[in-house]
Amino acid sequence: MLQLPYRLDGQVALITGASRGLGRHFAKTLSKAGAKVAACGRSKDLLQELVNEITDDGGSACSFPMDVTSSGDVIATVKSVVEGLGVINILVNNAGIAVTKPALEVDEADWDRVVDTNLKGVWLMAHSVAKTMVANGTGGKIINIASVASTTVLGQVSSYCASKAGVAQLTRALAVEWARHGIQVNAIAPGYIRTDMNRAFFDSPDGHTVIQRIPQRRIGDPDDLDGILMLLASDAAGFMTGSIILVDGGHDAV
Ligand SMILES: NC(=O)c1ccc[n+]([C@@H]2O[C@H](COP(=O)([O-])OP(=O)(O)OC[C@H]3O[C@@H](n4cnc5c(N)ncnc54)[C@H](OP(=O)(O)O)[C@@H]3O)[C@@H](O)[C@H]2O)c1
């Protein structure tokens, strides 16, 4: 019988932005596949709720409250995860925010908030985790959450589009440099997926109009990303690095 290499038993998976939305879903999916989850984000109570849900389901998880924009937090968190759970095998760089404003109204604080979270945060985490992977000689898998906005312009989120284009190219640059260390760096580029970030908009008449422009005439649910997440987190993707995988109902192709 064909054995699909999708189990992650005993592997340590660190997920940023695990308190809500896609990150919370990714944490549960990786846990169901057997990974020990390090749930990271700023909302301590939400992270603890997630840890309780995972452990109630028989999984293993710990919460690590932190801010991805702070290099001090990132370094301390990576150290605590390695000490508490073991060598990190999988990093999911998911934490992200958007500021929705016409470009002329975006101010420096908006720009810094978005780029620091979405791009600098991804770099800080990847850099810190990769150092532990190299030091341990274990290699590992880094999965960055880019966006359809890495390649397609979405209205009134210019800083978000710029940050996500940066995430895509950073993914490729790190993949090239770190392949020699056995570290695979890939990105998932989701189209619109229903989460707290956009729920109100997609329930509005303007949101319904946007949905009609997507070839599959729907937005995604978090579990539409399960297949690609498990592919990139597991040995099934052993010959993939530097790939940016769109999961967007055809949005980018329009
Ligand atoms: N939903 C979509 O349609 C969609 C499409 C394409 C790409 N994405 C990307 O997918 C990722 C998750 O989006 P989502 O829709 O799940 O958003 P969400 O529901 O708003 O969740 C965002 C997560 O990021 C965390 N976060 C934000 N700033 C942080 C910081 N400075 N430090 C640590 N954690 C931080 C938040 O946790 P705390 O507030 O607790 O810190 C939260 O857990 C983002 O990178 C987003 O750009 C989403």
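The values are calculated or read from the model by the stated rules, or taken from the named source; none is laboratory data. All of these numbers come straight from a predicted model, not from anything done at the bench. Positions of Cβ are backbone-derived with ideal geometry, glycine not excepted, and every protein chain shown enters the neighbour counts. Ligands, DNA and RNA are stripped out before the accessible areas are found, and what is left, the full protein with its side chains, is counted by its heavy atoms. Shrake-Rupley method; radii C 1.70, N 1.55, O 1.52, S 1.80 Å.
Counting only residues that are assigned to a loop (DSSP other than H, G, I, E, B) and open to solvent by 30 Å² or more (accessible area, probe 1.4 Å), the stretch 205-243 holds 11 of them. Among the residues making up the stretch 132-155, those that are at pLDDT 95 or above, open to solvent by 30 Å² or more (accessible area, probe 1.4 Å) and of a type outside the set (Val, Ile, Thr) are Ala135, Asn136, Gly137.
If the condition is being among the β-branched types (Val, Ile, Thr), assigned to a helix (DSSP H, G or I) and touching a Lys or Arg at 6+ places or on another chain (Cβ under 9 Å), then the stretch 119-159 contributes Thr132, Val148.
Scan the stretch 124-135 and tell me whether some residue there is under 21 Å from Gly220 (Cβ atoms) and within 16 Å of the ligand (Cβ to nearest atom). Checking the stretch 124-135: not a single residue is under 21 Å from Gly220 (Cβ atoms) and within 16 Å of the ligand (Cβ to nearest atom). Residues in the stretch 178-200 that are among the basic types (Lys, Arg), farther than 21 Å from Thr138 by Cβ and at pLDDT 95 or above: Arg194 only. Listed here are the strands (runs of 3 or more DSSP E) enclosed by the stretch 1-94 that have at least 2 residues being open to solvent by less than 20 Å² (accessible area, probe 1.4 Å) and within 16 Å of the ligand (Cβ to nearest atom): 12-16, 36-41, 90-93.
When the stretch 50-75 is filtered for residues that are closer than 25 Å to Asn198 by Cα and out of contact with any strand residue (DSSP E or B) (no Cβ under 9 Å at 6 or more places or on another chain), only Thr69 remains. The residues of the stretch 166-204 that are out of contact with any helix residue (DSSP H, G or I) (no Cβ under 9 Å at 6 or more places or on another chain), open to solvent by 30 Å² or more (accessible area, probe 1.4 Å) and touching a residue at least 40 places away in the same chain (Cβ under 8 Å), listed by number, are Arg172, Val176, Ala179. Only one of the listed residues (Val99, Val115) is open to solvent by 10 Å² or more (accessible area, probe 1.4 Å), touching an Asp or Glu at 6+ places or on another chain (Cβ under 9 Å), touching a residue at least 24 places away in the same chain (Cβ under 8 Å) and among the aliphatic types (A, V, I, L, M). That residue is Val99.
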